[in-house]
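Have a look at the structure below before the remarks.
The values are calculated or read from the model by the stated rules, or taken from the named source; none is laboratory data. Given the structure is predicted, the values throughout are model-derived calculations rather than measurements. When we count neighbours, we look across all protein chains shown, and the Cβ atoms used for this are built from the backbone with ideal geometry, even at glycine. Note: areas computed on protein heavy atoms with side chains; ligands, DNA, RNA excluded. Shrake-Rupley method; radii C 1.70, N 1.55, O 1.52, S 1.80 Å.
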Amino acid sequence: EQATELTLALVPHLDRPITQLDPVEHAVLLLGAYELLHEPSVPLRVIVHECVTLTKLFGSEEGFKYVNGVLDKMARQARPAEVAG
C-alpha cells in the first residue's frame, strides 16, 4: 500500500535509478524504509541488521553493502537523534 511513498523516500539516497536495483535489494530497502519511518519502537541498529542479513541470504553477493549504505543515509534524515546517539 505504501510502496510509492517509501520509494519516494528512498530515491534521494540512491546512486542509481530504482529500476536498476536488484529485486531483492529493492524489496529489502522498502522494508527498511517502512520500519525507519513508521516503527519508531524498533531500534535503528536492529532495522539495519535485519535488512543486511536478509540481503546476505537472498540478494546479490555484495548487495548487503549497498543496502547498508542506503539505509544509513536514510536514517540520518529519518532518525537524526538516534544516529547521533
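Taking the options L37, L54, L71, L29, name whichever one is open to solvent by 50 Å² or more (accessible area, probe 1.4 Å) and either touching a residue at least 40 places away in the same chain (Cβ under 8 Å) or under 19 Å from R16 (Cβ atoms) (or both). Going through L37, L54, L71, L29 in turn, just one is open to solvent by 50 Å² or more (accessible area, probe 1.4 Å) and either touching a residue at least 40 places away in the same chain (Cβ under 8 Å) or under 19 Å from R16 (Cβ atoms) (or both): L37.
Within the stretch 56-79, the residues that satisfy the criterion of being part of a helix (DSSP H, G or I) and either touching a strand residue (DSSP E or B) at 6+ places or on another chain (Cβ under 8 Å) or more than 18 Å from L6 (Cα to Cα) (or both) are K56, L57, F58, G63, F64, K65. Could you say whether any residue in the stretch 60-77 is more than 13 Å from the chain's Cα centre (by Cα), of a type outside the set (S, T, Y) and at pLDDT 95 or above? No - not one qualifying residue is present in the stretch 60-77.
Consider A81 carefully, then state whether it is open to solvent by 80 Å² or more (accessible area, probe 1.4 Å), out of contact with any Cys (no Cβ under 6 Å at 6 or more places or on another chain) and modelled with pLDDT under 95. Considered against the rule, which asks whether it is open to solvent by 80 Å² or more (accessible area, probe 1.4 Å), out of contact with any Cys (no Cβ under 6 Å at 6 or more places or on another chain) and modelled with pLDDT under 95, A81 comes out as yes. Here is the figure for the stretch 6-26: residues that are more than 17 Å from K73 (Cα to Cα) and either polar (S, T, N, Q) or out of contact with any helix residue (DSSP H, G or I) (no Cβ under 8 Å at 6 or more places or on another chain) (or both) total 3.
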